[in-house]
Structure formats: structure tokens, C-alpha cells
Amino acid sequence: TNSSISPKPVEPARLDSHILEQFKVLIGEQNCLTASADTDPYCREWRDKFFGKTALVLKPGSTEEVSAVMKLAYEQNCAIVPQGGNTGLVGAQTPDASGNQIILSTERLNRIRTLDADSNVAIVEAGVVLEQLQTAAEEANRLFPLALGAQGSCQIGGNLSTNAGGTSVLSYGNTRDMVLGIEVVLPDGRIMNCLRTLRKDNTGYDLKHLFIGGEGTLGVITAASLKLYPRPKDQQVAIFAVETPEKAFSLFDLARDHAGSMLTGFELMPRMGVEFTIKHAPGARDVLEAPHPWYCLLEISIGSPAVDGRALIEAIFEEAFEAGFVEDAALAETTQQAADFWRLRHGMSEVQKHEGGSIKHDISVPVSSIPAFLARALPACEEAIPGCRPVPFGHMGDGNLHFNISQPLGADREAFLARWEEINTMVHAIVVDMGGSISAEHGIGTLKRDELPAVKDPVEMDIMRQIKALFDPKGLMNPDKLIKSASSFKKDQ
Ligand code: FAD
């Protein structure tokens, strides 16, 4: 790789009281947290995997305030780490250990500015919690389809910056596909207003897409105009039991053939993951009488009253059963039951931590290669760590699995986690060999930063560094996330 075009960072300023005072003048003392009891929760993520220190958390309340603090930070050479709901999984939203990186929290940018049901557009600020937008859309008889396990805490700015995926990608796409425009504050404090609400706009380079999935390394997103969709008239949710990943794929193929774009969710769950969830997630319970090695959660969303959703999902079951793809199924009879089925799936991300260490992957391969991937990766892990408990689950319909490995029962947690890199390297080699991605939806952050250059085209990697240097010539914007800064100034921090 060509490191000559890496951003050339300046040495971040030490956050002394003189600098802190200047920020307080800009946004008010109450919106500048400095006591470690107040700043600590922003410095660590929920799994405690990533943590750092900061002398200052800023909570600006408007785009103008973000602009003012960014301008000051730029002049004073202060490094900024943008943070939304702090639910990211790759260590991109927490500061380093120096104490000198300022966290800019978007939690006070929490207004839904407009919601236009006729044009199907909402303009929302970055700190709006995803669930808050889902509810506002519902109240206007519209759908904002982005849905993920962290939706009660993650924020729109974080969703855009990670280009979050979730459980509705199959028919609505990733977050990127739901965005019409953004408003962003650049590292030097300039406000770039691309907050258009147009469905069609071919006026040159589409710069918003650099910030979507940019992990806060190019600027702070302050607001976005987002697409809304019609609410489905009917939704059918079912859990199908299957014996093998091959049969799960056959079921997916059959369901897609029957339902087309009405198939809005297709998730894979292994028995181990279901057992963990039943054990640790309040209210989760088994939905079928006998245990089965694998389960598929299907969701069908019907837009037209002319289509009988129940008949459709029953036809899928009957045909799949006759073909020998499916052993058993539970069809949700009520909205509550549908929510319970989803709870089983959504709970799976969180519960693994109660079973000791878990080595995680967020991989994608071409959709039809999921069974072949599992046929290679599962035995490789079982051979490397005898007794390990694989929990590969997730968005099978998108070719995306959270291929997680829980420690063997009774094993030493730290000794198991010490093998994280070794197991990642082994699994990622299989993924790359199959034409897949080492990060399907969570991003790169610090977790996968050093692996990225090896799997990305070198020219693409160099262009990414040039873009970073163009937007952030001083290297002050979420330093060392996604792309490592040239470390000329660095002492051992
Ligand atoms: P944060 O964690 O605060 O930040 C994430 C990144 O965005 C950081 O790089 C940060 O610097 C940057 N950032 C945040 N706000 C801004 C802004 N306004 N401007 C510029 N940069 C910003 N992810 C999925 O894709 N699919 C899933 O199904 C999924 N399920 C999850 C389930 C659980 C239980 C948990 C805990 C997480 C899950 N995630 C999932 C990961 C996470 O929820 C998403 O990445 C989410 O989009 C992060 O949003 P956040 O507001 O918490 O962002």
C-alpha cells in the first residue's frame, strides 16, 4: 500500500483548562462534561471490549453549535470522536487512552424537523433514536424500515455513519438506500447542506455516500432526509425448523420464489443461539415442541389487501414440507406472537455475553454460498478449539452471518479470548476465498482496521486515504478509525 498519501496528522492538543473554557463559552458549561463520573459512560461500549479516556464530552444542541465547536477544535488542533448511541460493535465511537480526544455526542440533536407523509420524507437530526423515528413514522401511517437489535438506543447519525444493515435489508436495502440527503459539519467547521429531499437528482458526485458508512472519519452528520414507505397492510411471521443450512437455503429460494419482494425478512438461528436466548433473555421461549438444529425466521409483508398473506405463508410451508426442506413450523397467530418470534432473534446478539467469551465475526458471502461457508468454517473452528460453541446467526437472506464462537463450557474466558485474532484470521481467510467481506454491516473501526488493507484493492485503499486527507488534512476527525493515520508525531500513548 502507498502510505505516502496517508493523512498527515498534527499532534492533537492537550486538553488543558484554557481550551475547555473556550468550549464552555460556545455551548454552555452544562453541555460540556468534564468529571470522569460523567464522561466514563461515553468512553466505553456496552461489552467493555473498547474503552478509552477523555477530558471532555461535548453535547451541542444545534447544527450551528456543532459548527462552532468543530471550528474551534480545528483551530486548536483538538481531535474529535463523534458518538451517537454508543452501540457500535467495532470500537469506532470510543476515544483512545490519551485523554485528549474530545467526544462529540449528538444526543441533544434529537428533533424530527419535518415528516411529510405525502412525499414520504422525514428530515431528522442525527441524535434521534431509531425507535423514535419508527414510532413517528407509524403515527403518520408510514414505515421507516430500518430495524435492528439496538434500535432502542442507536441514533440516526450512528446508523448512517455505519451504514447499518439489520433485519429488513432483504427488501429495503441498507441504511444507504434509505437516505435522500444529509447535512454535515466538516472537520474545519463548515456546514455542508446536502439536505435535499428529491427522489431524483443527478447533479454530479453524490458526496453524501462518502459520509454514509464513513464511521465519523470525514465529518459530523447533523441531520438527514430519509425515505418513508407505505406501512404493510398485513405481516406474517413464522419460524421454520430445518435440519441443515443447505435446507435453509432451499427454503429461502422457495420463499423468495413465492413471495418475491414481499419476503421482508429471512434470518437463520442455530439451536445453540436459541438455547442461549431462552436462558438469558427475559420473556423469550421456545416456539416448537421438539428441538431442531437450525431455525429460519421468515417475515412476509403484504402491501395489498388483494393478497392473502396467511395463505401465502401456509403455501410456502406446505411446499417446503413436502419437498423435505422443513421439519416443523410455528406461524404467529397474533401481533404479540410475531413480536415474540422476533424477540428470540433480536435477543441473540446480546445473550452470548452471559455464556463467557465470544469471538465474533460479521461476514458476508454470496447468498447461495452460506451453506458452503458454514461447511468450511464450522469444522475449522471446532478443530482449532475443541468444545467451542458456535452461534452462527443472522441475516441469511442477505448472505450475512454473525459467525460467533462462544467459549467451551468451563473454559478460561481470557485464555479463550486471547485466540480472537487467530480465529478471525482463519475465518476471514475462508470468507475472502469465497469472495466475501470481513465486515458486512458493522464497519471497520479499530477492530478490523489493520486487516482492511490486506483485503481491499490497493488502489481503492489509496483513494480512501486520499479522500480522508482531503476532508481531514490535519487528521483530527475520529483519528485512527477505519484508516490508520501516519504516525510520525506519535509517542507511546
Ligand atoms: P455509535 O456506536 O455511537 O457510533 C458508530 C460510528 O458512527 C462511530 O464511528 C461514530 O464515530 C460514528 N458516528 C455516530 N454518530 C455520528 C454522526 N452524527 N456523525 C458522524 N459520525 C457519527 N448493526 C447492524 O448494522 N445491524 C444489526 O442488526 C445490528 N444489531 C445490533 C444489535 C445489538 C444488540 C447491538 C448492541 C448493536 C447492533 N448493531 C447492528 C450495531 C450498531 O447498533 C449499529 O452500528 C448502529 O448503527 C450504531 O449506531 P449508534 O448511534 O449507536 O452509533
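The values are calculated or read from the model by the stated rules, or taken from the named source; none is laboratory data. Since the structure is predicted, the reported quantities are computational estimates derived from the model, not experimental observations. Positions of Cβ are generated from backbone atoms using ideal geometry, with glycine treated the same way; all protein chains shown enter the neighbour counts.
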Subject >> Within the stretch 122-153, tally of residues that are among the small types (Gly, Ala, Ser) and near the ligand (Cβ under 7 Å from one of its atoms) >> reply: 4
**OP:** State whether the residues of the stretch 152-161 include one that is closer than 23 Å to Gly399 by Cα and surrounded by fewer than 20 Cβ atoms within 10 Å (Cβ to Cβ).
**Re:** no
Original post:
Do you know which of the residues in the stretch 210-230 that are of a type outside the set (Val, Ile, Thr), within 16 Å of the ligand (Cβ to nearest atom) and outside any loop (DSSP other than H, G, I, E, B) is farthest from Gly61 (Cα to Cα)?
Top reply: Leu210
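Test of understanding: among Ala380, Ala415, which residue is surrounded by fewer than 16 Cβ atoms within 10 Å (Cβ to Cβ) and either more than 26 Å from Val242 (Cα to Cα) or touching a Cys at 6+ places or on another chain (Cβ under 7 Å) (or both)?
Ala415 is the lone residue from the list that is surrounded by fewer than 16 Cβ atoms within 10 Å (Cβ to Cβ) and either more than 26 Å from Val242 (Cα to Cα) or touching a Cys at 6+ places or on another chain (Cβ under 7 Å) (or both).
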Original post:
Which residue, of Ala429, Ala415, Ala411, is modelled with pLDDT of 95 or more, more than 16 Å from the ligand (Cβ to nearest atom), more than 24 Å from the chain's Cα centre (by Cα) and assigned to a helix (DSSP H, G or I)?
Top reply: Ala415
Subject >> Given (1) buried (at least 20 other Cβ atoms within 10 Å of the Cβ); (2) over 24 Å from Asn400 (Cα atoms), number of the condition Pro270 does not satisfy >> reply: (2)
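Residue-by-condition table, conditions (1) surrounded by 24 or more Cβ atoms within 10 Å (Cβ to Cβ); (2) closer than 30 Å to Val307 by Cα; (3) not assigned by TED's automatic domain parsing to the domain that holds Gln132:
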position: Gly204; (1), (2), (3): no, no, no
position: Gly213; (1), (2), (3): no, no, no
position: Gly216; (1), (2), (3): yes, no, no
position: Leu254; (1), (2), (3): no, yes, yes
position: His258; (1), (2), (3): no, yes, yes
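In the stretch 66-100, how many are over 23 Å from the mean Cα position of the chain (by Cα) and either of a type in the set (A, V, I, L, M) or at negative phi (or both)?
Adding up the residues that qualify gives 16.
Mind listing whichever residues of the stretch 154-209 are among the polar types (S, T, N, Q), on the phi < 0 side of the Ramachandran plot and either more than 13 Å from the ligand (Cβ to nearest atom) or out of contact with any Leu (no Cβ under 8 Å at 6 or more places or on another chain) (or both)? I'd like the intermediate steps shown before the answer.
Here is the first cut: in the stretch 154-209, the ones among the polar types (S, T, N, Q) are 155, 159, 161-163, 167-168, 171, 174-175, 193, 197, 202-203.
Applying the additional criterion that residues be on the phi < 0 side of the Ramachandran plot yields 155, 159, 161-162, 167-168, 171, 174-175, 193, 197, 202-203.
Within the stretch 154-209, Ser161, Thr162, Ser171, Asn174, Asn193, Thr197, Asn202, Thr203 qualify.
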Subject >> Selection within the stretch 85-112 - more than 15 Å from the ligand (Cβ to nearest atom) and assigned to a strand (DSSP E or B) >> reply: Gly99, Ile112
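Hand me the list of helices (runs of 4 or more DSSP H) wholly inside the stretch 231-347 holding 2 or more residues that are under 25 Å from Leu143 (Cβ atoms) and without any contact (Cβ under 8 Å) to a residue 60 or more places away in the chain.
Numbers: elements: 245-259, 271-280, 309-322.
Hits in the stretch 231-347: 245-259, 309-322.
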Original post:
From the residues in the stretch 63-84 that are of a type in the set (Gly, Ala, Ser) and buried (at least 23 other Cβ atoms within 10 Å of the Cβ), which one is nearest to the ligand (Cβ to nearest atom)?
Top reply: Gly84
Original post:
Among the residues of the stretch 31-40, is any at pLDDT 95 or above, within 24 Å of the chain's Cα centre (by Cα) and either away from the ligand (no atom under 14 Å from the Cβ) or not polar (S, T, N, Q) (or both)?
Top reply: yes
